[in-house]
Amino acid sequence: MSAIWKNHAMHLANMINCNKETAAHLYLEQLMLFPVDVQDKIIEEISNLSHCSSDAVADIIGRYSMPELR
């Protein structure tokens, strides 16, 4: 998992933990250009985490994004 995904995850998790769902949607839309339905899925999965860590959030975002070229 790259440092970029961890950074995105940290910011997204903070927004969700602070109940800033609209800000989380805008963050995903502007930063990663995810469609609204995908944003909803990502936020739902993050909201259901028993422990909301940057690694867990980054894993969820990574599943919905294009694979990184190696």
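The values are calculated or read from the model by the stated rules, or taken from the named source; none is laboratory data. In this text, all values refer to a predicted model and were calculated from it rather than measured experimentally. For neighbour counting, all protein chains shown are included, and Cβ atoms are generated from backbone atoms with ideal geometry for every residue, glycine included. Each accessible area value is taken on the protein alone, full model and side chains, heavy atoms only, with ligands, DNA and RNA left out. Shrake-Rupley method; radii C 1.70, N 1.55, O 1.52, S 1.80 Å.
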- Query: Of all the residues that make up the stretch 35-49, how many are under 18 Å from Lys6 (Cα atoms) and assigned to a loop (DSSP other than H, G, I, E, B)?
  - Reply: 1
- Task: State which residue is least open to solvent (accessible area, probe 1.4 Å) when the search covers only the stretch 10-34 and only residues that are modelled with pLDDT under 80 and either assigned to a loop (DSSP other than H, G, I, E, B) or among the polar types (S, T, N, Q) (or both).
- Result: Phe34
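Taking Ile46, is it surrounded by 10 or more Cβ atoms within 10 Å (Cβ to Cβ), out of contact with any His (no Cβ under 8 Å at 6 or more places or on another chain) and either β-branched (Val, Ile, Thr) or at pLDDT below 80 (or both)? It would help to see each step written out before you state the result.
Numbers: surrounded by 10 or more Cβ atoms within 10 Å (Cβ to Cβ): yes; out of contact with any His (no Cβ under 8 Å at 6 or more places or on another chain): yes; either β-branched (Val, Ile, Thr) or at pLDDT below 80 (or both): yes.
Yes; evaluated as a whole, the condition is true for this residue.
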